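The values are calculated or read from the model by the stated rules, or taken from the named source; none is laboratory data. Because the structure is a prediction, the values reported are computed rather than measured. Please note: Cβ atoms are built from the backbone with ideal geometry, for glycine as well, and neighbour counts cover all protein chains shown.
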Amino acid sequence: MAKHGFAIVGCGMIAEYHARAIMDLRGARLVAVQSRNRKNAERIAALVGGCDIYTDLDAMLQRSDIDIVNVCTPSGAHMEPAVAAAEAGKHVVVEKPLEITLARCDRIIEACDRNGVQLCTIFPSRFSEANRLVKEAIEAGRFGRLTLGDTYVKWWRPQSYYDSGDWRGTWALDGGGALMNQSIHNVDLLYWFMGDVSEIVAFTDTLAHERIEVEDTAVACLRFKNGALGVIEGTTSAYPGLPKRTEVHGDQGTAIVEQDAITCWQFARETKRDRKIRERFAAAAAAKGGASDPRGITHHGHLAQLKDFVRAIDRGTAPLIDGREGRKSVEIILGIYKAARTGKKVRLPLAAGKSVRRPSGPPR
């Protein structure tokens, strides 16, 4: 008998990865899926060999054999099902981003706190071996003083990608473009490695696509609270799409991760393990991942994160990426949008404000 019963809300493409991860998670079972589109729900149910299907969320949340709800709706529609699940006493998993405004992020966090349930935001990149090795080296002080932290997501999406769903490329439901949708994984990694951001200057534009409200190209310069500087480049306008890359530099070391492979690992004080790390990753060519195809990923990162989440529930500890951690990348991206829109330097933290939706219009 499964120890944890899962349900999925929203049955679009990303729900497939959640379903596969739940299938591979020991002691877990996908009990039910819910979607306003019954055909989509039937597709996800068939993927796992069958489970109950709902079009009514409240009816599904009444089930006592569901204790974890995975929210896979469009980005700007995460808050309502996440809060409803928390109010029903269910632990909550939210696909990235946690939400598209800080006010909506805070509503989810507050609901989970108030109802005593766990919350995590999906950022599988933190669970790759390469990125965990970089984090470990940072915490050990091997980079010395951190000086530069950069991340580059130079991807390609054809116009047909944006035309495939009426929510794609909109402020109301996508919450932004190449940054909020595609690059947010690397924004999260950069924050995880370098710490909080204090200042931002930025430009964004829509250069290669039509019929979208949001940016397909963005560049930002950052100052971190520790004094280091950094760059974020995010785009869906770079044909044919390149592997994502994150760089961490300090006065005693450099590490570069391309996709999930370490391509540079150099420190002033070498260890025997350093040589082994370089040899191990030299044998693995970097994959392109989702650079040109949003389906060009696996569910293994989701599986690793769900394992961490279930462990946190069982032990009563915090998951690696809780709601407050998930909120950080949203705040950085909203800071970039504000800097691009106003043409002024933006300081973080941002005020959450009272609005639960972004203002209309692109942040040019």
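Overview of values
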quantity: Residue list for segment 163-186, restricted to those being surrounded by fewer than 24 Cβ atoms within 10 Å (Cβ to Cβ) and either outside the structural domain of E213 (by TED's automatic domain parsing) or of a type in the set (V, I, T) (or both); calculated: T170
quantity: Lone qualifier among G165, G175 - being part of a loop (DSSP other than H, G, I, E, B), in contact (Cβ under 8 Å) with a residue 40 or more places away in the chain and under 18 Å from the mean Cα position of the chain (by Cα); calculated: G175
quantity: In segment 255-273, residue surrounded by the fewest Cβ atoms within 10 Å (Cβ to Cβ) [restricted to those that are touching a residue at least 40 places away in the same chain (Cβ under 8 Å) and out of contact with any helix residue (DSSP H, G or I) (no Cβ under 8 Å at 6 or more places or on another chain)]; calculated: R269
quantity: Hey, A103 closer than 14 Å to V9 by Cα, touching a residue at least 12 places away in the same chain (Cβ under 8 Å), of a type in the set (A, V, I, L, M) and in the same structural domain as Y17 (by TED's automatic domain parsing) or not; calculated: no
quantity: Any hit, segment 203-219, residues being over 30 Å from S160 (Cα atoms) and either at pLDDT 95 or above or part of a loop (DSSP other than H, G, I, E, B) (or both); calculated: no
quantity: Qualifying positions in segment 68-100 - among the acidic types (D, E), touching a residue at least 24 places away in the same chain (Cβ under 8 Å) and either over 20 Å from H4 (Cα atoms) or surrounded by fewer than 20 Cβ atoms within 10 Å (Cβ to Cβ) (or both); calculated: E87, E99
quantity: Flag for N131 being out of contact with any Ser or Thr (no Cβ under 9 Å at 6 or more places or on another chain), polar (S, T, N, Q) and either farther than 25 Å from L350 by Cα or not assigned by TED's automatic domain parsing to the domain that holds F267 (or both); calculated: no
quantity: Residues of segment 140-162 that turn out to be under 19 Å from the mean Cα position of the chain (by Cα) and either hydrophobic (A, V, I, L, M, F, W, C) or outside the structural domain of E270 (by TED's automatic domain parsing) (or both), as a count; calculated: 3
